[in-house]
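Colleague: I'd like to ask some things about the structure below.
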Amino acid sequence: MAPTSSEKIVVGEVKFQKKAMDYSILAQLERESDLIHWKPTGGGEIEYEYVLFSRNGFTRSLQDAGDEREDIRLYDVDQVVSLLSNDD
């Protein structure tokens with residue numbers, strides 16, 4: 001994952017539900033991110049990075065979007081626990 005720059009804002013969503021997170025959650029997050037009142041320090045266009053956390057994984061359409069786009073990060077519970085339990 002690339003480091004966050006002064007032009008990039010990270011927005012995310014967490015779902016702790018029994019079903020896999022689907023693409024509609026990302027679409028809603030993209031629409032709502034336009035409501036954030038923030039401007040990059042150097043002016044210019046805002047770059048968004050979308051980070052989604054899901055208890056029960058992701059639908060194929062959302063996984064495909066995550067594979068195709070560099071601005072989407074998907075994490076399930078096992079990945080979060082693994083990251084938190086690293087001794088590094």
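The values are calculated or read from the model by the stated rules, or taken from the named source; none is laboratory data. These numbers come from a predicted model, not from an experiment. Using ideal geometry, Cβ is built from the backbone for each residue, glycine included, and neighbour counts are taken over all protein chains shown.
Colleague: Name the single residue, out of those in segment 31-88 being hydrophobic (A, V, I, L, M, F, W, C) and assigned to a helix (DSSP H, G or I), that is surrounded by the fewest Cβ atoms within 10 Å (Cβ to Cβ).
Modeller: From segment 31-88, those hydrophobic (A, V, I, L, M, F, W, C) are 35-36, 38, 46, 51-53, 58, 62, 65, 72, 74, 77, 80-81, 83-84; that's our starting set.
Keeping just the survivors that are assigned to a helix (DSSP H, G or I) gives 62, 65, 77, 80-81, 83-84.
Values: L62: 22, A65: 19, V77: 13, V80: 14, V81: 9, L83: 9, L84: 7.
Checked segment 31-88; the qualifying residue surrounded by the fewest Cβ atoms within 10 Å (Cβ to Cβ) is L84.
Colleague: Of all residues in segment 1-30 being of a type in the set (K, R) and surrounded by 12 or more Cβ atoms within 10 Å (Cβ to Cβ), which is modelled with the highest pLDDT?
Modeller: In this case the residue turns out to be K15.
Colleague: Mind checking which residues of segment 59-74 are among the hydrophobic types (A, V, I, L, M, F, W, C) and under 16 Å from V14 (Cβ atoms)?
Modeller: Answer for segment 59-74, where residues must be among the hydrophobic types (A, V, I, L, M, F, W, C) and under 16 Å from V14 (Cβ atoms): L62, I72, L74.
Colleague: Between a first residue in segment 1-30 that is assigned to a helix (DSSP H, G or I) and a second residue that is modelled with pLDDT of 90 or more and of a type in the set (V, I, T), which pairs have beta carbons less than 8 Å apart while being 6 or more apart in sequence or on different chains?
Modeller: Note: pairs meeting the criteria are Y23/T59; L26/I72; L29/V11.
Colleague: Okay, next question. Scan segment 42-59 and report the pairs whose first residue is on the phi > 0 side of the Ramachandran plot and whose second residue is surrounded by 13 or more Cβ atoms within 10 Å (Cβ to Cβ) and in a loop (DSSP other than H, G, I, E, B), with Cβ atoms within less than 7 Å and a gap of 6+ or a chain change.
Modeller: The qualifying pairs are G44/E7; G57/A20.
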